[in-house]
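The structure appears right after this line, and notes come after that.
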Amino acid sequence: MASTGDTAFDYGFLLRISEDALRVEALNEYLSSRSYLAGYGPSQADAEAFALLCRPPPERHVHALRWYKHIAALKPQTNGQTPECSTKAKRVQPPWSPPEGTDVSKLHLYNSLTRTKEVFVPQKGNKVLWYCCGPTVYDASHMGHARSYISFDILRRILKDYFKYDVFYCMNITDIDDKIIKRARQNYLLEQYGEKKPSPSQILQDVLTARTPFKAKLAETTDPDKKQMLERLDAAVDAALGPLQMAEQSNAAGDTLQNQAQVLLEEAKDLLSDWLDSQFGSQVTENSIFSLLPKYWEGEYHKDMEALNVLPPEVLTRVSEYVPEIVAFVKGIVDNGYGYESNGSVYFDTANFDSCPAHSYAKLVPEAVGDQKALQEGEGDLSISADRLSEKRSQNDFALWKASKPGEPSWDSPWGKGRPGWHIECSAMAGSILGESMDIHGGGFDLRFPHHDNELAQSEAYFENDHWVRYFLHAGHLTIAGCKMSKSLKNFITIKDALAKHTARQLRLAFLMHSWKDTLDYSNNTMESAIQYERFINEFFLNVKDILRSPTDITGQFEKWEAEEIELNKSFYEKKTSVHEALCDNIDTRSALEEMRALVGQSNTYMAARRSAKLPPNRMLLQSIALYLTDMLKTFGAIEGSEPIGFRVGGNGQNADLESTVMPYLSVLSDFREDVRKIAREKKVTELLRLCDELRDDTLPELGVRLEDRDGLPTSVKLVDKETLLKEREEKKKMEDEKKKKKEEAARKKQEQEMAKLAKMKVKPSEMFQSETDKYSNFDETGFPMHDAEGKELSKGLAKKLRKLYEAQEKLYNEYLQSTQNGS
């Protein structure tokens, strides 16, 4: 194509070149010195040259490619071929290149098997097999348990609902255990003892007898925490012994003796039950005695988990229901050469297992091998007698199956009557449900050794593999004032006690605000931080819902975006990215919550700016942010119910649709009150204004309703929990009382200062120094001091200083005289 005067496009040389690449190269060279973009239509030569090319020239041939695109764009497009165009000359799409993109964050989990964060890769596609060690049910569940089960509930929900894994969650209940057997026997024997109605003197004698072995146990105890617990128990018994002994010595009345005896029995029940067990425990043979206790406490555990909004497992396994599977599992380990029978018990041969090239003992805590204290705790109180310990080939070996002694439940096995060891239960039950390998195994940090290391060893011995668990997750400890929470140390707060002080959401937020794998100190400061976070987020939800309730038509909800909306939306997406990166980083909910807090802060700033400018905020943008935050908190398990935005209003027993039901009526009430206030202000009817304030401050908070009056804007109506509003009212009244008190104190001080100033003003300058005889001894005719108390003449510096004071007083006195003359 050429403009007038240009040489015609000569493409004949292209016909002599057979290879496409060389033809394009020659065309590019030819066009580099020609004007081929002039005019508005392709020439015949252009069309014929264009038809010779099968595809667009490569980008390095700039001139040929530019010509090709230009001709392609200008060629006539018709259903049939024009006379000017070759049949090969077809219009084609320009080249397309995919975007480079950015790296996508991958989920990493802290794996106790490597003590580092590893990329999480399930063994089979999207399916995640997860086993979690459940509770040993012999007492009330405490906040130490909540630390583990809430933490794993959070991780499970995030893997399932955020990362969209297909999670299959299995958990066990330990209902056969040394602790359960001993506690069941003790409870039974103590109950039998009470039913015999022993006399006060008998109770006194038995407690004194029981105290002797208890004192010996106290003297032998070296663990500082356990020793402190025993000392507290001994002090309580000692305090209860004295009054009963004195009452007996003074021949007190029967009622007095009986009351004192009951107090002692209550304080001494732990050491008395220990003594009774040592005397009569072997005589307890009824198996039902050992099942009633765990059954009751398992029921209490499930109630606690439901109250904490912890999801139930897909499968729950009880040791008592899996004894045949456990026996078969132990037999498999023995058959594989890693277990041996001794006196009716079966032990795991750690040395033989560890010597096998395919296996390794104590993968989690190799440095703990040989820790006899930990190993004996793992065996249980009833399994560490000298005769039991002597049955083992090595002190590092552990029981797979325990021969039952008198006073213990028993089941049939190839080795005689016995019961399962502690560690074997998880291996057999998890193996029955999940097979030879699982993706995740979870438990408390203190279970790493020996429990989980022994689980790994016996399971890999049975399955003859080295990957029974791919990722081992351990939740951190929970402490109270720096001390580990423990049932055995009687240093614990039950879940029910915790829920009496704080809501399940507040407890969960406290856990979310800390790393799941690190120690969490359960304290007032910890809970106050969670409460403040909840209040901060909830206030945002209430504000957004109030904005969304403002009337608008269907098109009015879509407002034009200005710079402020664009900036907030940019921050919104940045925060979503940051939350995602935090969750990919070992499910760092602490950082995720901080990013969400920052997003709320930015949204609040935006709403405040719009309010100040008397402009409505962008509904759709704020709704998107609120929906996202609600969805994330639902994912974390911090929000229950189906409300699209915010926390559920009222308790679980109330109608879930409470807000949509009552809000229309409250809006009518609010509008009516606003009209009344407007008329009252115009007519200056203060009594009506006072009644409107009482409705807002006293009446509606009792119903869980908060009204917020705003200058130049409609009153905001919010549904809030009644307890929260009453607490807010109490705090407001407290602040007002403190403010009033400070104001009164300031007025009193001001009055005192004025009185002191007035008293000072009344003093004549000639008299101000004459009363200070301990300092001065001689004065001039105006009352100004000339000599000190010793008769020495005042120095020039001191005289100068006193002269300034004299002149200042003279000025004050003149002001006083002036005020009296004016009658003020």
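Output yes when any residue across region 59-75 is loosely packed, with under 10 Cβ neighbours inside 10 Å and at pLDDT below 75, and no when none is. No, region 59-75 has no match at all. For region 518-534, a residue qualifies if it is open to solvent by 60 Å² or more (accessible area, probe 1.4 Å) and touching a residue at least 40 places away in the same chain (Cβ under 8 Å), and the qualifying residues are 518, 519. Restricting attention to region 446-479 and to residues that are of a type in the set (Asp, Glu) and outside any loop (DSSP other than H, G, I, E, B), the residue that is most open to solvent (accessible area, probe 1.4 Å) turns out to be 446.
For every residue, the table says whether it meets (1) modelled with pLDDT of 95 or more; (2) in contact with a strand residue (DSSP E or B) (Cβ under 6 Å, 6 or more places away or on another chain); (3) among the small types (Gly, Ala, Ser).
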| position | (1), (2), (3) |
| --- | --- |
| 295 | yes, no, no |
| 314 | yes, yes, no |
| 351 | yes, no, yes |
| 362 | yes, no, yes |
| 386 | no, no, yes |
| 395 | no, no, no |
| 405 | no, no, no |
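Number of residues in region 695-718 that are of a type in the set (Asp, Glu), more than 14 Å from residue 671 (Cα to Cα) and either open to solvent by less than 70 Å² (accessible area, probe 1.4 Å) or in the same structural domain as residue 547 (by the TED database) (or both): the value is 1. Between 205, 228, 192, the distinction of being surrounded by 12 or more Cβ atoms within 10 Å (Cβ to Cβ) and at pLDDT below 90 belongs to 228 only.
Here the condition is being open to solvent by 30 Å² or more (accessible area, probe 1.4 Å) and at pLDDT 95 or above; of 217, 303, it holds for 303 alone.
Results for (1) outside the structural domain of residue 382 (by the TED database); (2) part of a helix (DSSP H, G or I); (3) over 30 Å from residue 180 (Cβ atoms), shown as yes or no for each residue.
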| residue | (1), (2), (3) |
| --- | --- |
| 243 | yes, yes, yes |
| 247 | yes, yes, yes |
| 257 | yes, yes, yes |
| 272 | yes, yes, no |
| 280 | yes, yes, no |
| 285 | yes, no, no |
| 297 | yes, yes, no |
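If the condition is being in contact with a strand residue (DSSP E or B) (Cβ under 7 Å, 6 or more places away or on another chain) and of a type in the set (Ser, Thr, Tyr), then region 455-498 contributes 471, 479, 494. On the given criteria, is residue 156 crowded, with 21+ Cβ neighbours inside 10 Å, closer than 30 Å to residue 484 by Cα and out of contact with any Ser or Thr (no Cβ under 6 Å at 6 or more places or on another chain)? Answer is yes for this residue.
Yes/no matrix, rows are residues, columns are (1) open to solvent by less than 80 Å² (accessible area, probe 1.4 Å); (2) acidic (Asp, Glu):
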site: 732; (1), (2): no, no
site: 744; (1), (2): no, yes
site: 752; (1), (2): no, yes
site: 756; (1), (2): yes, no
site: 768; (1), (2): yes, no
site: 806; (1), (2): yes, no
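Condition first: in contact with a helix residue (DSSP H, G or I) (Cβ under 8 Å, 6 or more places away or on another chain), without any contact (Cβ under 8 Å) to a residue 24 or more places away in the chain and either under 30 Å from residue 639 (Cβ atoms) or in a helix (DSSP H, G or I) (or both). Can you find one or more residues in region 312-331 that meet it? Within region 312-331 (the criterion being in contact with a helix residue (DSSP H, G or I) (Cβ under 8 Å, 6 or more places away or on another chain), without any contact (Cβ under 8 Å) to a residue 24 or more places away in the chain and either under 30 Å from residue 639 (Cβ atoms) or in a helix (DSSP H, G or I) (or both)), the answer is yes, since at least one residue qualifies.
When residue 244 is tested against (1) of a type outside the set (Phe, Trp, Tyr); (2) surrounded by fewer than 19 Cβ atoms within 10 Å (Cβ to Cβ); (3) in contact (Cβ under 8 Å) with a residue 12 or more places away in the chain, just one condition goes unmet, and that condition is (2). Out of 408, 425, one residue alone is open to solvent by less than 40 Å² (accessible area, probe 1.4 Å), assigned to a helix (DSSP H, G or I) and within 27 Å of residue 288 (Cβ to Cβ). It is 425.
Test residue 548 against the stated conditions and say whether it is of a type in the set (A, V, I, L, M), within 28 Å of residue 666 (Cα to Cα), within 24 Å of the chain's Cα centre (by Cα) and assigned by the TED database to the domain that holds residue 618. Answer is no for this residue. Of the residues making up region 369-405, those that are among the hydrophobic types (A, V, I, L, M, F, W, C) and in a strand (DSSP E or B) are 398, 399, 400, 401, 403. For region 692-707, state whether one or more residues are more than 14 Å from residue 542 (Cβ to Cβ) and not in a helix (DSSP H, G or I). No, because not a single residue in region 692-707 is more than 14 Å from residue 542 (Cβ to Cβ) and not in a helix (DSSP H, G or I).
The number of residues in region 597-626 that are aliphatic (A, V, I, L, M) and touching a helix residue (DSSP H, G or I) at 6+ places or on another chain (Cβ under 6 Å) comes to 6. The listed residues are 368, 386, and the only one of them that is free of Cβ contacts under 8 Å to residues at least 24 places away in the same chain and on the phi < 0 side of the Ramachandran plot turns out to be 386. The set of residues in region 551-593 that are more than 24 Å from the chain's Cα centre (by Cα) and at positive phi is empty.
What about residue 774, is it out of contact with any helix residue (DSSP H, G or I) (no Cβ under 9 Å at 6 or more places or on another chain) and part of a helix (DSSP H, G or I)? For residue 774, the condition - out of contact with any helix residue (DSSP H, G or I) (no Cβ under 9 Å at 6 or more places or on another chain) and part of a helix (DSSP H, G or I) - is not met.
Criterion applied to 582, 608, 613 was being under 30 Å from residue 149 (Cα atoms) and either exposed (fewer than 12 other Cβ atoms within 10 Å of the Cβ) or out of contact with any strand residue (DSSP E or B) (no Cβ under 7 Å at 6 or more places or on another chain) (or both), and the one residue passing it is 582.
For first residues located in region 590-617 and within 19 Å of residue 552 (Cβ to Cβ), partners that are open to solvent by 80 Å² or more (accessible area, probe 1.4 Å) and not aliphatic (A, V, I, L, M) and lie 6+ apart or on another chain with Cβ distances below 8 Å form the pairs 606/564; 610/564; 610/616; 617/611.
Residues in region 563-589 that are under 30 Å from residue 110 (Cβ atoms), free of Cβ contacts under 8 Å to residues at least 40 places away in the same chain and of a type in the set (Lys, Arg): 575 only.
For every residue, the table says whether it meets (1) touching a residue at least 24 places away in the same chain (Cβ under 8 Å); (2) within 21 Å of residue 486 (Cβ to Cβ).
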position	(1), (2)
185	yes, no
221	no, yes
231	no, yes
238	no, no
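Within region 773-798, if we keep just the residues that are of a type in the set (Gly, Ala, Ser) and surrounded by 14 or more Cβ atoms within 10 Å (Cβ to Cβ), the residue that is nearest to residue 761 (Cα to Cα) turns out to be 783.
So if I check each of 261, 252, 210, which one is at pLDDT 95 or above, in contact with a helix residue (DSSP H, G or I) (Cβ under 9 Å, 6 or more places away or on another chain) and either hydroxyl-bearing (Ser, Thr, Tyr) or open to solvent by less than 50 Å² (accessible area, probe 1.4 Å) (or both)? Being at pLDDT 95 or above, in contact with a helix residue (DSSP H, G or I) (Cβ under 9 Å, 6 or more places away or on another chain) and either hydroxyl-bearing (Ser, Thr, Tyr) or open to solvent by less than 50 Å² (accessible area, probe 1.4 Å) (or both) holds for just one of 261, 252, 210, which is 210.
The values are calculated or read from the model by the stated rules, or taken from the named source; none is laboratory data. Treat the numbers as computed from the prediction; the structure is a model and nothing was measured. Cβ: placed from backbone, ideal geometry, glycine included. Neighbour counts: every protein chain shown. The accessibility values were calculated without ligands, DNA or RNA, using every heavy atom of the protein model including side chains. Shrake-Rupley method; radii C 1.70, N 1.55, O 1.52, S 1.80 Å.
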